[in-house]
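Written below as C-alpha cells is the structure these notes are about.
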Amino acid sequence: MNPRKNQLVSLAALGFAAVIALTACGGTADGDSGASDDSGAVGGGYAELSGNLAGAGASSMANAQTAWTETFKGLVQAEGGDITVTYDPTGSGTGREQFLSGQVKFAGTDAALDEEELAASIAVCGGEQAFDLPVYISPIAVVFHLEGVDSLNLTPEVIAGIFAEDITTWNDPAIAELNPDAELPGTAIVPVHRSDDSGTTENFTEYLSDNAPEAWTHGPIETWPIDGGQSGDGTSGMISAVESGNGTIGYADASQAGNLGTASIQVGEEFVDFSAEAAATAVDVSPREEGRAENDIVMELDRTTTEAGAYPIVLISYLALCGSYEDAATGDAVKAYASFMLSEQGQTVAQENAGSAPLSEELRTEAQAAIDDITVG
C-alpha cells in the first residue's frame, strides 16, 4: 500500500502528547499555538475559554478539523479551560450559508467568499466585513476504482474528456497511449461528481477549464453542470461512490483517497504524483488575488504552471471569519482556535493527520496579523 495514503495517526495519542508537552512547559506546547495577544486568551491563556464554538463547511478538511478540535480541547483542558469546538463537514457552500446566517461562528471553505457574500457578512459580523484566511493546503486526487489497475498517467485534456463524458471506456486510445504498460479493459468509465455545492468541485473544474478549455467547456463551477451520472454528497460520499463501483473515477481531497487508484497528472514534460510537497510548490508559485482587503488573504492559484514538481490540482481551504464579534466570549474563542489552527503546531497536526502541506511562515504571519485585528465585545 502506498505510504502517502496512510498518514492518519491516533488522535488520542496526539492529544495526550500535546497535553504532556504543555504540562511539562507550564503553558502551550508551542508559543504560536495560543491566541493573539489582544484576545481574551493571551499567549495561551486557555483557562478563560468556556462554552461551545461551532463551525461548518468544507468536507475536504474534515480529517484536519477532527485533529484540530481534539488537540485544541486537550490544550484548553490542561490549562483549566472548558470549551468544546465542533466542526460539521457540510460542504463549502452550506458552510458559507450557515456562517452568513449566523448559525455558525466560522466556516471552512474551498472557495473564498465572493463580493456578494462579503457584503452580506456585515449584517452578522457586528458591522464589520468578514474575511478569508488560508488554513489548509492539499492536493485534489483524481481517484478511480478499476480492477487490476492501481495508477495511471493522465493529461489535463484526457481528464477533462473523461469528466465531460467524451472519453467513455478505459481502453480508449487517448488513455492507452499514456499508459503503454497498463492492461486496460474495455470497461465503461463511470465519472462520479459531488452532488452538493462544493469548493472541491470549483477547484477541480477551474483546473480543467484553465488547462483543457476545448475539452471542458463548462468553466469553473461549484455545482456540477452535467445532468445525470453518479454522484456523492461531500468528500465521504464521493469516495464511497467511487469505491463501490468498477470503472468509476472521481476527485477528492487526497487525505481521503484511501486504497483507491490515483492518477499522476502531466505538468510540463513530466507526470507528477500528488503529495503535500507538490501542492505546496504550486501554491508557492502563485500570487495573491488582487482587489481584496488587506486582511482578506486569498491566493490566485496558477493552475497552468510548468514548475518542476508542482501539482496544480490543489485546493486551499480558507477560514471565513468575522471582522468583529459582538459577544466577547465568542470572539475570544474564535481568535484562540483560529490562531491554533494557523500556528506551527496546528499546521503540523494537520500534516500528520490529513497529509496537508503546512502554510509558509510568511502566510502564517500575515494570517495571524488579521486575527489579531478582529474586534470583540
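Every read-out reported here was derived from the displayed coordinates using simple, explicitly stated rules and does not represent laboratory data. Remember, predicted model here, so these are calculated numbers, not experimental data. A quick note on method: Cβ atoms are made from the backbone with ideal geometry, for glycine too, and the neighbour counts reach across all protein chains shown.
Top mean-square fluctuation among S244, S356, S317, Gaussian network model of the chain, C-alpha springs under 10 Å? The residue that fluctuates most here is S244.
Taking the radius of gyration and the Kirkwood hydrodynamic radius from Cα positions alone, what is the Rg/Rh ratio for the chain, to two decimal places? Mind dumping the intermediate values first?
On the way: Rg = 20.8 Å, Rh = 21.1 Å.
Taking Rg over the Kirkwood Rh, I get 0.99.
Of the beta bridges in the chain, as assigned by DSSP with both residues counted there, near 55 percent are antiparallel. Just to verify a number: FRET efficiency for I221 and A369, C-beta to C-beta distance, R0 = 30 Å, to 0.05? With a Förster radius of 30 Å, E is 0.35. Give me the tail of P(r) for region 263-373 as a percent: Cα-Cα pairs with distance above 16 Å. Of all Cα-Cα distances in region 263-373, 64 percent exceed 16 Å. For region 106-217, the pair-distance distribution built from all alpha carbon pairs, in bins 5 Å wide starting at 0, is 2, 10, 16, 18, 14, 12, 8, 7, 5, 4, 3, 1, 0 percent.
Divided by 2.2 N^0.38 Å, where N counts the residues, the Cα radius of gyration of region 227-303 comes to 1.41.
Suppose R0 equals 45 Å; then what is the FRET efficiency for A328 and D233 from their Cβ-Cβ distance, rounded to the nearest 0.05?
About 0.75, to the nearest 0.05.
Taking the inverse of the mean reciprocal distance over all distinct Cα pairs, the Kirkwood hydrodynamic radius of region 139-282 comes to 15.0 Å.
Please sort 145-156, 92-103 by packing, taking for each peptide the average over its residues of neighbouring beta carbons within 10 angstrom, highest first.
Working: 145-156: 17.6, 92-103: 21.6.
Going by the mean number of other Cβ atoms within 10 Å, highest first, we get 92-103, 145-156.
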